[in-house]
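A.B. asks: Dumping the structure here so I can ask a few things about it.
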């Protein structure tokens with residue numbers, strides 16, 4: 001659905017449970033493809049050629065099934081989650097207080 005007053009022509013997807021599930025499935029498929037080509041940050045310009053060559057189908061589906069704000073959020077969250085997990089793994093176990 002396209003609303004005429006949106007300047008940037010952003011798609012508006014009705015927020016139903018089935019449409020959210022479709023978006024999440026497309027996100028998961030895209031991220032699985034990124035994992036297979038060892039790309040964490042899909043927003044970095046230097047990764048675009050690799051993504052377009054290997055994951056264009058998944059990326060197009062992700063862009064089609066999700067609204068723009070969710071797409072950016074999921075891509076940024078992927079990087080944040082990866083950084084957080086690497087930080088936790090890097091902390092020596094003897095520095096973590098035991099209960």
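A.B. asks: Give me the number: length gained by fully extending residue 21 to residue 40, i.e. 0.36 nm times residue separation minus the C-alpha to C-alpha distance, one decimal in nm. Walk me through the numbers on the way to the answer.
C.D. replies: On the way: separation 19, 0.36 × 19 = 6.84 nm, distance 2.25 nm.
Result for the pair: 4.6 nm of gain on full extension.
A.B. asks: Could I ask something else about it? What are the extents of the Cα atoms of segment 17-95 along their three principal axes, in Å, largest first?
C.D. replies: Dimensions of segment 17-95 along the principal axes of its Cα atoms: 46, 33, 19 Å.
A.B. asks: Between segment 24-50 and segment 67-88, what is the separation of their alpha carbon centroids in Å?
C.D. replies: 11 Å
Each reported figure results from applying straightforward, stated rules to the coordinates on display, with no laboratory input. What you see is a predicted model; the values in this text were computed from it and never measured.
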